[in-house]
1. Has region B:113-127 got any residue that is open to solvent by less than 30 Å² (accessible area, probe 1.4 Å), outside the structural domain of B:L28 (by TED's automatic domain parsing) and free of Cβ contacts under 8 Å to residues at least 40 places away in the same chain?
2. Against the condition over 30 Å from A:S394 (Cβ atoms) and more than 14 Å from chain B (Cβ to nearest Cβ), how does A:G602 come out, does it pass?
3. State whether one or more residues within region A:642-662 are outside the structural domain of A:S510 (by TED's automatic domain parsing), hydrophobic (A, V, I, L, M, F, W, C) and without any contact (Cβ under 8 Å) to a residue 60 or more places away in the chain.
4. Filter region A:710-732 down to the residues that are open to solvent by less than 10 Å² (accessible area, probe 1.4 Å) and assigned to a loop (DSSP other than H, G, I, E, B) and list them by number.
5. Please list, ordered by first then second residue, the pairs with beta carbon atoms under 6 Å, 6 or more apart or interchain, first in region A:711-734 and in the same structural domain as A:E361 (by TED's automatic domain parsing), second assigned to a helix (DSSP H, G or I) and among the β-branched types (V, I, T).
6. Could you list, ordered by first residue, the pairs with Cβ atoms under 9 Å in which the first is in region A:4-30 and hydroxyl-bearing (S, T, Y) and the second is in a loop (DSSP other than H, G, I, E, B) and loosely packed, with under 15 Cβ neighbours inside 10 Å, at least 6 apart or interchain?
7. Looking at region A:123-152 only, could you name the residues that are of a type in the set (K, R) and surrounded by fewer than 14 Cβ atoms within 10 Å (Cβ to Cβ)?
8. Name the residues in region A:344-385 that are of a type in the set (V, I, T) and assigned to a loop (DSSP other than H, G, I, E, B), would you?
Amino acid sequence: MNLRWIGKPIPRQDAWTKVTGEARYMSDLSMPNMLWGRVLRSPHPHALIKSLDISEAVACPGVVTVLTHHDVPGLNAYGIVVQDQPVLCSDKVRFVGDAVAVLAAESKEAAAHALELIKVEYELLPGVFDPEVAMQQSSPAIHAKGNVLRHSKVHHGDVEAAFADSAVVVEREYRTSRPISAFLETEGGMAMFGADGVLTVYCGAQYPDRDVIQVARALGLERDKVRMVSSLVGGGFGGKDEITVQIYLALLALNTKRPVKLVLSREESMVTGWKKHPMIVRMKTGASIDGTLLAHEVSIISDTGAYASLGGTILHSAMEHCSGPYRVPNVKVEGHCVYTNNSISGAMRGFGVNQVTFAMETQMDILAEELGLDRLDIRLKNGLKDGDKGALGSLLVTAMGPVQTLQAAGQTELWSQRETYKAEPSRPWKKRGVGLAAAIKGCGLGFRMPDFGAASVELLPSGFFRVRVGCPEIGQGNTIAFAQMAAEVLGCSVDQVEVVTGDTGETPDSGTSTASRSIYVAGNAIIDAATKVVELVEQGISARLVVDVEEVELGEAEVRAGDAILSYLDVAALLLQNGQTCYASGRFDAPKATEEVPSVYGLPHLVFGTNAHVALVEVDTMTGQVEVLRISAVSDAGRVINLQGLEGQSEGGAVMGMGYALTEDIIIDQGMVRTLNFNNYIIPTAMDTPPISTTVVEVVEKTGPFGAKGVGEVVCISITPAITNAIYDAVKVRVTELPATIERVLAGLQDG
Amino acid sequence: MNRCNFVSPRAMSEVLDILAADPEAKLLAGGTDLIVQMREGRVSPRTLVDLSRFGELSYIKLRHDTLHVGCMTTFNQVARNPLVVRHAPALAQAARQVGSVQIRNQGTIGGNLANASPAADSIPPLIALGAKAQVVSRDGSRSLAIEDLLAGVGINTLLPGEMIAEINFSLPAPRARSAFVKLGRRKAMAIARISMAGLLVLSADGLVTEARLALGAVGATVFRALEAEAALLHKPLDRAVVAACLQAVQDTVAQKLGRRASATYKREAIRGVAEELFFQLVPELSAP
């Protein structure tokens, strides 16, 4: 394929305005006559609401409206899968931060003051904070239907027999932490009614079309009376996939008929935001003497907190990826997703795969050590290939990259020269180690969910092309990739393509900006639409200038029609006369596996991205401090659309996974969140970030646009076990609980 | 945050008058601690006195072998000042490790001291340097050692109406060495889990004639490790002497921490912080 734009490191169109601060996020907007909204939240993890008195707050000067569950006109609940989270709690609160009332006032200060005047009488209930305790029948029920949201089992092959045949069996328990997205822009936005009676909610979010459904359902409005605008978004990472403040904004605007702004403080965001699921993962893995994996038995207990959101789906994703990027013929996996009175867990970059990959990649290192095998060799021997079966027994029929990616990781200087890198630590009492790990992550929504892309392409009077796609730009850089894909098909330069995303009034529903899917599905839809527009232009010019269609050719700056050369402005003038349009919509339905995995809803995925990481660390044997000195990332994104974008994803993902490995954790004590801001929720800074190099392996996926897959998530997964495996390589401390804090590493050093 | 009166005096005398009239008034220097505390509702002053509107409290000057640092001098000014870098490297190192560039442009050395956090980055080096605080009120002024200004976590010994106007210290002897080490959870924007500063003066024949070691974040205040200092005094800086000193540091810290939750970690990790400090103070000892 001779490609003009695909794969080129073309700078993002939004880079300049974001760097200069000129770009406006939805929570930056303001309007004349605007009110400020606030949410009253439960201070208790589990309690009955005995009474609710808003009279003083209503009477407070500057307060325009105070709303409780009585004022939710439609369904007082939301949730992507099951709607079990009240918009405003009526009888019971289930976590610290649960919403009880919302109000709007003339100023921020009046809103804050009025919040203190709402009187809520609670009757405290015993809280359940440990998911294993919550699973017991005798525990207090958080929801009427019980505390187990999802319990699923899969067994394929014969695990018992395969363990009996194994030369070694490694059994360990792993515990993972509760990180938060830590996006730059907290949850927030503005809502207002237009002259046409449509309620527009401006709010950074990852799937505006689904937000419309949830907002309309709660407000009892028709969907076409609600519009969501959600681009630009100051970071999502999964934390803006579910409803955050959209319904509150809409309720307040509905009741006041004025523009309302509501932006969560960082503290409020830390308490109420969606966290990554903490999981207890027990793994028993058997291998033959040559390191061939034979049997894998896995138990996963996932703490989803007070409400379901995507907890069940995330558990299933964890189950599907429980053997990492490796082939195991006999697998038995059981998962529980459990309600607790902890903070809510939901989608976060990796979607259950980070947790199990951390566990599996640690198992692989332990197996290698017990068998005396090289850590890379054992991985290469077991790496998944096309035609293998995945962990749940489904056939893998698309381009699988683990072997190629691991081979490239083995060729990085950091791995091949690791003894040199380890040789000279900066202090006599410090030790260096190099770790290796790999991961796969499914792209898209799996077997059951409708998984489609939709886009439109049109020629504008200016001679530019406009591409419309629902999947919002959440910082990942899909806008420039969309422009490149459109330009590649159209033949014009990338500069001549304008991309609009994330506005239900302007863009076709193209599904979520999640699940490493927007390039894959929307890219294919853009190709479809752009191909049609090329035909429309060719036919239109051919008819107007009376030349053969074959003689019309769209070029970078001009269109050739026989002997004539037209600028795109000329083309637009010719084709858009008298109200005519040059417009096409495009669609792509993601292919699905031929059969569903029995007994786990929604699986398998069909397409997988792969990543491998090599990490060099230096461990202070006296303080337990771990410094990451160098990271080599190897990314299989299928065909790369924008190299700069891929490197950005790769570097950002590596740093996010490094925070997961070493420092990031929302600490909850008896339901109370103790980490309220970035002073004690420790994300890596630029100073902590080592040089990161990214190598590209293009295992081209034929169903992908130009062969591309998605990588938004897989780039942040294997770095975590690469770092913890490097810690072991340095000081023989096996990290089985995340994060590997200075205290835990030092305790490990003392035990050893 | 509650409402409060905000006053911006244009001269020092005005500040002292306000403080005399309202001893509860809070001085706002860089605000990097105070504003955070107000936001969290831990303090809610009725009156905030802004010190940023007159320049006379921001200076670093050398007079008669004493370095004078005005209370409103920012960490970046301290970190980049050639006199500090040359004569008091421990203080420059500490100032460089405060927060981030933005915080170092905002936070002041006087504010850091008055806030009296046991984890304050500037306090250990100031104690190691034997620095004094010049404290003023409408009624006069007094000078007191930095240690004597610290009474507990977030508690200083200033009397009603007093403020810290200046910090000063005699230049260390020409053969002095000083260093500062901070253990945090990351390399920037980190609150010290443990910090330590040291100043050593060696005689021409290599004996320790002066030793001051200060420990941060291992007690209610930053304090001097007197036993550890004694282990060095009048001795040559060989490996055995340093080992005895490190042991004394560790013992002191264990005693000071008692049964606090963090004690298990800190009484071990102090060893690494002290080792790093001596690596910097006496690099020749670690040479292969």
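The values are calculated or read from the model by the stated rules, or taken from the named source; none is laboratory data. Computed from a predicted structure; not experimentally measured. Cβ: placed from backbone, ideal geometry, glycine included. Neighbour counts: every protein chain shown. The accessibility values were calculated without ligands, DNA or RNA, using every heavy atom of the protein model including side chains. Shrake-Rupley method; radii C 1.70, N 1.55, O 1.52, S 1.80 Å.
1. In the first step, residues of region B:113-127 are kept if they are open to solvent by less than 30 Å² (accessible area, probe 1.4 Å); the result is B:113, B:116, B:118-127.
Narrowing the set further to residues that are outside the structural domain of B:L28 (by TED's automatic domain parsing) leaves B:113, B:116, B:118-127.
Add one more test, that the residue is free of Cβ contacts under 8 Å to residues at least 40 places away in the same chain, and what stays is none.
No, the conditions are met nowhere in region B:113-127.
2. On the way: over 30 Å from A:S394 (Cβ atoms): no; more than 14 Å from chain B (Cβ to nearest Cβ): yes.
In short, no.
3. First, the residues of region A:642-662 that are outside the structural domain of A:S510 (by TED's automatic domain parsing): A:642-662.
Checking which are hydrophobic (A, V, I, L, M, F, W, C) leaves us with A:643, A:646, A:654-656, A:658, A:661-662.
Next, from what is left, pick out any that are without any contact (Cβ under 8 Å) to a residue 60 or more places away in the chain: A:655.
Within region A:642-662, one or more residues are outside the structural domain of A:S510 (by TED's automatic domain parsing), hydrophobic (A, V, I, L, M, F, W, C) and without any contact (Cβ under 8 Å) to a residue 60 or more places away in the chain.
4. Step one: of region A:710-732, the residues open to solvent by less than 10 Å² (accessible area, probe 1.4 Å) are A:710, A:714-727.
Residues satisfying the conditions are A:G710, A:I717, A:S718.
5. From region A:711-734, the pairs are A:I717/A:V353; A:I717/A:T357; A:P721/A:T362; A:V733/A:I727; A:V733/A:V745.
6. These pairs meet every condition: A:T17/A:A23; A:T17/A:R24; A:Y25/A:L184.
7. Of all residues in region A:123-152, those of a type in the set (K, R) come to A:145, A:150.
Within region A:123-152, A:K145 is the sole residue that qualifies.
8. Initially, region A:344-385 is screened for residues of a type in the set (V, I, T), giving A:344, A:353, A:356-357, A:362, A:366, A:378.
Matches in region A:344-385: A:I344 only.
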